[in-house]
Every structure is written in structure tokens, then in C-alpha cells.
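Undergrad: I'd like to ask some things about the structure below.
The values are calculated or read from the model by the stated rules, or taken from the named source; none is laboratory data. Values in this document were obtained by computation on a predicted structure and should not be read as measured data. For neighbour counting, all protein chains shown are included, and Cβ atoms are generated from backbone atoms with ideal geometry for every residue, glycine included.
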Amino acid sequence: MIDGGSETPGTDSSDADTSKATESDAASPETAAELDLPVSDVPDADMLETSDPETDKRRKRRFRNPLGPTDAQVRASVAGEASADAAIALQIEGGNTVPLDLTAAAFFDVDNTMVQGASIIHFARGLAARKYFTSGDLAQFAWQQIKFRVSGKENSDDVASGREKALSFITGRSTAELARLGEEIYDELIADKIWPGTAALAQMHLDAGQQVWLVTATPLELAQIIAERLGLTGALGTVAESKDGIFTGRLVGDILHGLGKAHAVRTLAIREGLNLKRCTAYSDSHNDVPMLSLVGTAVAVNPDADLRELAKNRGWEIRDFRTGRKAAKIGVPTALALGAVGGGLAAVLGRRKAA
């Protein structure tokens, strides 16, 4: 299932010592201008604020937004840092063992990379079966996923809509309730949607003594359940604010996607002393190019058309576990999404086509 040599991606045998990474290798300082990403890799020239005049000058030269970060850009950075800090806190609570390889790690996107389809839709299906959602809500979720998978681009309106819908659901609910639902729905609907090939790649890194993290826009509580079920180190996910075990209805920063994922990985690298040059990242989506560009080894898994082209141009490895040329070209958006919601979505699509 895993072709090529036996050496784990991201591991350079000449640099395989267990010493802590240097500050420059790990990711400091924590500014997007210091991510060293090409402008084409940074959606909307996202970046963090910095008080360093030299960094500000470089930012004005390199990025399309010389006036500084927008609110959305600041939220992305806050989301990344919050996700990393929350993930590390969960590891401390769980008492995870120290990895044998202290400076290398692997980072896996979830939707269509580790899980077939969108994990949030699988979760929504489980909630709908429990009468938490209506079939109309589910159809709307799935339609947004179809648009994303076909276009390969995240629509800001859809992201905002999904954020508001998710927050309206969890507001006032307990973190324990969400965790319980997540465990039940994972076992019912998600467990058999794991890509065996991707799971094998994750196990390869674990066998090499490396940390293995999921990085996803999925809520942290749900992402952590997936990570635990797969025996991984942990998860970086969207952090929803809670007080005394009850969700307030606010996010810490924003949904963890795009550049936010890169911030989360970079922050985790700093906290854990990882050498990003020895790390590996896996994703199916062109939206994750900032994260993929951050590490020493990038692997496109079940890639969308844009990521496949970029991976070929940059010499990144491509792993495609799907079947059929059509699936390889467009990422199986229709079959997965239609199957997720059945007649409800079919009716929505029918009305749109008739219009």
C-alpha cells in the first residue's frame, strides 16, 4: 500500500538526532510574514501583526496588503494559536507518552484526506438522525461541500454561514454532550469512512516514533475523538469558547482553515520543539498549501485539480487512494455528498436545476 523506500517521509537520516530544533527551524517568530511562504501560497495575503519594523518592511514588499492585517487575518492567527494550545493541553491531561523522535512529526488534514467525505457532514447526519438538525439543514451543509469540492475554493459566505450554523447548534450545550455525541457518531458513521491508505501512512510515522496530528476545521472536540480512535497523538481543530463546561457561542479566533492551519502547525512546532524541516504534511486541498509549504515534506493525498497541478510543479509526492479517473480529476464531490443526505439534497439540486 505504501510504495517507495522504507524511509519515513520527512525523516532525513543525516538529521535524525533527537536534539531540540533550533529556533529558526521550529518556527519563530510567530508571524505570517515569517512563514516564508510565496505570495501565491497565502490567501488574501493573510498575515499577523508584528511590532518589528524590519518585518513590517519585508511584509510591505512581499504581500499584497501593505496596510496590515484585516480582522479575518487576525482571527486566523488567533485560531491557530488557540488550536495548538488547546491540543497541547489535551495531551497533558491525557498523559501521552514521549515520542522516540522528538523533532519530527506528521500533520494530516481530515476531510477527503483521512476521512472519505466531510467529517462535519457525517456528524450532521448523526445529529439529524437524533433530531438535532432538519433534513433542510443537512441539505444546506452538503450543498456547500459540493460547491467546495467542485470548485476547490472556499467561499467566504459559505464559511460564514457554516460558522453561524455550527455556533447556533452548540451555544448553551455542554462540552461533555458534544464529546458524547462525537464518540457515538464516529462509531456509527465515520469509522468505516477512514481511508486505509492514509491510515497506513499515519501508522508509518507512529512506527518511526514521531508525533502524528490531525489538522482540521472540524471542532477540536470531534477532531480529538477521531485522533484518539486512530491512535494518533492529537488534533488541531477549531476552538469554540466554553465557560464552566458550557459553550458560549463564540469561536476563539475563527474556523481553523487556510492560513489558520499553518499558524496552528507553526505554533505547535514552537511549543513542542519540532523541526519543521523534518516534518511532513498531508492534504487533499489547494486551500492547505500554506500548511504544506511550511514543512520539509509535502504530500498531496486524493488531491483536487489545483493541488495536483501544484504538487507536480513542485515535485511533491502524490498519493491517490480513490478509484476511477473521474474521481481522480474532481475529488468525488457528487457521489459522497449526495449519498450523505439522500433525498433531501436531491430535492435541493432538482430545484436549482429547474431554476
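Undergrad: Can we say HIS263 is part of a helix (DSSP H, G or I) and under 14 Å from the mean Cα position of the chain (by Cα)? Quick ask: steps written out before the conclusion?
TA: Values: part of a helix (DSSP H, G or I): yes; under 14 Å from the mean Cα position of the chain (by Cα): yes.
When the stated conditions are applied, HIS263 passes them.
Undergrad: Next question, about the same structure. Tally time: how many residues in region 278-305 are surrounded by 24 or more Cβ atoms within 10 Å (Cβ to Cβ), farther than 26 Å from ILE92 by Cα and of a type outside the set (S, T, N, Q)?
TA: Summing the residues that are surrounded by 24 or more Cβ atoms within 10 Å (Cβ to Cβ), farther than 26 Å from ILE92 by Cα and of a type outside the set (S, T, N, Q) in region 278-305 gives 10.
Undergrad: List every residue pair whose Cβ atoms sit under 8 Å apart, with the two residues 6 or more apart in sequence or on different chains, where the first one lies in region 108-130 and is within 25 Å of ALA262 (Cα to Cα) and without any contact (Cβ under 8 Å) to a residue 12 or more places away in the chain and the second, anywhere, is surrounded by fewer than 23 Cβ atoms within 10 Å (Cβ to Cβ) and of a type in the set (A, V, I, L, M, F, W, C).
TA: From region 108-130, no pairs qualify.
Undergrad: Quick check on region 193-216. Is at least one of its residues surrounded by 20 or more Cβ atoms within 10 Å (Cβ to Cβ), aromatic (Phe, Trp, Tyr) and within 20 Å of SER83 (Cα to Cα)?
TA: yes
Undergrad: Checking the structure you have, find out if any residue of region 200-209 is acidic (Asp, Glu), under 15 Å from ALA104 (Cα atoms) and either more than 16 Å from the chain's Cα centre (by Cα) or at pLDDT 95 or above (or both).
TA: Checking region 200-209: at least one residue is acidic (Asp, Glu), under 15 Å from ALA104 (Cα atoms) and either more than 16 Å from the chain's Cα centre (by Cα) or at pLDDT 95 or above (or both).
This table checks each residue for (1) modelled with pLDDT under 85; (2) within 30 Å of ALA199 (Cβ to Cβ); (3) not hydrophobic (A, V, I, L, M, F, W, C).
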residue: ARG59; (1), (2), (3): yes, no, yes
residue: GLY68; (1), (2), (3): yes, no, yes
residue: GLY80; (1), (2), (3): no, yes, yes
residue: ALA86; (1), (2), (3): no, yes, no
residue: ALA89; (1), (2), (3): no, yes, no
residue: THR113; (1), (2), (3): no, yes, yes
residue: ALA118; (1), (2), (3): no, yes, no
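Undergrad: Let me ask something additional. Taking the stated definitions as given, is GLU221 of a type outside the set (A, V, I, L, M, F, W, C), without any contact (Cβ under 8 Å) to a residue 40 or more places away in the chain and within 20 Å of GLN91 (Cβ to Cβ)? I'd like the intermediate steps shown before the answer.
TA: On the way: of a type outside the set (A, V, I, L, M, F, W, C): yes; without any contact (Cβ under 8 Å) to a residue 40 or more places away in the chain: no; within 20 Å of GLN91 (Cβ to Cβ): yes.
It is false that GLU221 is of a type outside the set (A, V, I, L, M, F, W, C), without any contact (Cβ under 8 Å) to a residue 40 or more places away in the chain and within 20 Å of GLN91 (Cβ to Cβ).
Undergrad: Kindly evaluate LEU338 against the criterion of being of a type in the set (A, V, I, L, M, F, W, C), at pLDDT 95 or above and out of contact with any strand residue (DSSP E or B) (no Cβ under 7 Å at 6 or more places or on another chain). Before the answer, list the steps.
TA: Details: of a type in the set (A, V, I, L, M, F, W, C): yes; at pLDDT 95 or above: no; out of contact with any strand residue (DSSP E or B) (no Cβ under 7 Å at 6 or more places or on another chain): yes.
Judged against the criteria, LEU338 is not a match.
Undergrad: Condition check: of a type outside the set (Lys, Arg), in a strand (DSSP E or B) and out of contact with any Phe, Trp or Tyr (no Cβ under 7 Å at 6 or more places or on another chain). Does ILE270 satisfy that? Don't jump to the end; show me each part of the working.
TA: Values: of a type outside the set (Lys, Arg): yes; in a strand (DSSP E or B): no; out of contact with any Phe, Trp or Tyr (no Cβ under 7 Å at 6 or more places or on another chain): yes.
In short, no.
Undergrad: Being modelled with pLDDT of 95 or more, more than 21 Å from MET114 (Cα to Cα) and surrounded by fewer than 16 Cβ atoms within 10 Å (Cβ to Cβ): is that true of ASN275 here?
TA: On the way: modelled with pLDDT of 95 or more: yes; more than 21 Å from MET114 (Cα to Cα): yes; surrounded by fewer than 16 Cβ atoms within 10 Å (Cβ to Cβ): no.
The answer is no for ASN275.
Undergrad: Tally time: how many residues in region 212-258 are touching a helix residue (DSSP H, G or I) at 6+ places or on another chain (Cβ under 8 Å) and in a loop (DSSP other than H, G, I, E, B)?
TA: 12
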